[in-house]
Amino acid sequence: MEHMSNYLIVNAKELVTVSGFAGKCGEEMQDVGVISNGALYLADGKIMDVGTTEEVQNWLLDQGITSECYLLVDAGNKVVMPGFIDSHTHFVFGGYRDDEYVLRLQGVKYSELMEEGGIRRTVSSTRKASFEELYDSGYKRLQQMLMMGITTVEGKSGYGLDLETELKQLDVMEKLNQTHPIHIVRTYMGAHELAPEFAGSPDQYIDFLIKEGLPSVRGKAKFCDIFTEVGVFDHKQTRRLLHKAVEMGFQLKMHADEMVPYGGAELAAELKTVSVDHLLNISDNGIQKLKESGTVATLLPNTAFSLREKYAPARRMIDAGLPVALASDMNPGSCYSQSIPLIIALATIEMKMTIEETITALTLNGAAALDLADVTGSLDTGKDADVIILDAPSYKHLAYHFAMNLVESVFIKGNLEYT
Ligand code: NIG
Ligand code: FE
């Protein structure tokens, strides 16, 4: 691993910039800004110059930057592009639910497992897990993400539901953020499920989250998220929690319209959440409302795949002009996979997204879903140097060479972290 160097990357067959400082909406998602024979200069963790190899070399001359100042990377016949942003995961948890998965393979529905097992089972094993156990398993999951080119990941709490374990999950993520190169954005999801201590009393649980949950994690999470779904939390409970969260300085996310149509997208638009996620059952009205609010629609095709559900209507959303992001939803129940290659395959084959839209959804729009589009997600001067090199002659191979990992090298904040 090379640390603390500057890098000049030259001769990229395709330099895919995805250039932009905000999420791209609708047809803008098609524009990924390809430069042939491209180059990048990375210094002090930032992207300092972007252009053709000739342009960047001339810029270096103008600046008086000589070859002793950097390491040269020849990306001949390769693709250089922004790192992937996985804007929705639950990657810190204890225990597994492989037995439930086997039952699901035999036809048992995820919703049928929610009574006895499901999220509550992982809550019980996460409460029992030590800080070190959660840290070690989290670290291994991050390593797999790194090899697939993920440079920023969002991680949610929500497998504790009590004060102590929610904090433990968030603290594990903070330590991982300090020790692992992937940038971790933390989300508080005390409202992932009704805590067993509050069985039958969801309103009282929301009161508890407002009075004790939110204050205890203030400053430890950027976002507050809630599972708004029939049988979990309703609209009124969602409004109460998220209004308070905004007052306390959190930004908002929602899990919505996953199992059944429930007006979740409309509610997300009303609450101006940064993103609203899942959306398998979004209504036409919901799409219109999201367009007005500018909320990023985050789609999680690996979850639909694993649950054998229909896919979210990505085409309708993009054609209506929404900013769409794609993420993994990596979690121990509905989707135990952080596979970027599978997301790309499902988006292009099943959801009929173009490869360009898919790339935008996994880079700049993923950054927008984390309110980070001004610092990462594209190859623009001044942004963090979060860059990947693919061993492929065209970005189209991300779809064409399906379900394969093409990532050869990963730079995060200007450091070569994997090759
Ligand atoms: O995808 N949306 C609902 N379910 C969770 C899955 C968590 C689990 O089953 O452990 C999610 O966010
Ligand atoms: Fe989720």
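FYI, it's all coordinate maths here, none of it is from the lab. All of these numbers come straight from a predicted model, not from anything done at the bench. Backbone-built Cβ (ideal geometry, glycine too); neighbour counts: all protein chains shown.
FRET efficiency for the pair THR66 and GLN204, taken as 1/(1 + (r/R0)^6) with r the Cβ-Cβ distance and R0 = 56 Å, rounds to 0.25.
Taken over region 265-340, the percentage of Cα pairs per 5 Å bin, counting from 0 up to the bin with the maximum distance, is 3, 18, 28, 23, 15, 11, 2. Helix 119-128 and the long axis of the chain differ in direction by around 80°, with both axes built from C-alpha atoms.
Annotation note: trypsin sites (Lys or Arg not before Pro) in region 80-123 located in DSSP loop regions with a Cβ neighbour count of at most 15 within 10 Å are LYS109.
Excluding same-chain neighbours fewer than eight residues apart, the lysines reachable from LYS46 by a Cα-Cα span under 21 Å are LYS383, LYS413.
Take every DSSP beta bridge whose two residues both sit in the chain; close to 45 percent of them are antiparallel.
Summary value for the chain: 24 percent relative contact order, contacts being C-alpha pairs under 8 angstrom separated by 6+ residues. Placing one equal scatterer on every Cα of region 84-369 and applying the Debye formula, the log10 ratio I(q)/I(0) at q = 0.09, 0.17 Å⁻¹ is -0.37, -1.54.
By the helix-only formula, in which each DSSP H run with n ≥ 4 contributes -39500 (n - 2.57) and the sum is divided by residues, the chain has a 222 nm mean residue ellipticity of -10000 deg cm²/dmol. Annotation: peptides 79-86, 373-380, ranked by per-residue average of other Cβ atoms within 10 Å with the highest first, follow the order 79-86, 373-380. Report note on the peptides 382-390, 257-265: ranked by the mean count of other C-beta atoms within 10 Å, highest first, their order is 382-390, 257-265.
Straight-line cross-link partners of LYS222 among the lysines, defined as a Cα under 17 Å from its Cα and at least 8 positions apart when in the same chain: LYS156, LYS168, LYS175, LYS244, LYS253, LYS272.
Using only Cα coordinates, the Kirkwood hydrodynamic radius of region 37-109 works out to 16.8 Å. Highest mean packing first, where packing is the average number of other Cβ atoms within 10 Å per residue, the peptides 26-37, 330-341 line up as 330-341, 26-37. The label point for THR419 and the one for LYS109, both projected 7 Å from the Cα toward the Cβ, are 5.2 nm apart.
Computed extension gain for TRP59 through TYR139, at 0.36 nm per residue and net of the alpha carbon distance, reaches 24.9 nm. Residues whose amide H comes within less than 5 Å of that of GLY190, counting only those at least five positions distant or on another chain, are ASP225 (H built at 1.01 Å from N in the peptide plane). Fully extending the segment from MET248 to PHE131 would add 39.4 nm, taking 0.36 nm per residue of separation and subtracting the current Cα-Cα distance. Extent along the principal axes, Cα only, for region 202-332: 41, 33, 25 Å, with the longest axis given first. For region 83-227, the alpha carbon convex hull comes to 112 Å³ per residue, rounded to a whole number. Computed about its Cα centre, the charge dipole of the chain is approximately 620 debye, with only Lys, Arg, Asp and Glu carrying charge at their Cβ. Using Cα atoms only, what is the angle between the long axis of helix 340-349 and the major principal axis of the chain, expressed in degrees (0 to 90) to the nearest 10? Helix 340-349 sits roughly 90 degrees off the main axis of the chain.
Shown in residue order for region 359-365 are the 3J(HN,Hα) couplings computed by the Karplus curve 6.51 cos²θ - 1.76 cosθ + 1.60 at θ = phi - 60°: 4, 4, 5, 9, 10, 4, 6 Hz (x for Gly and Pro).
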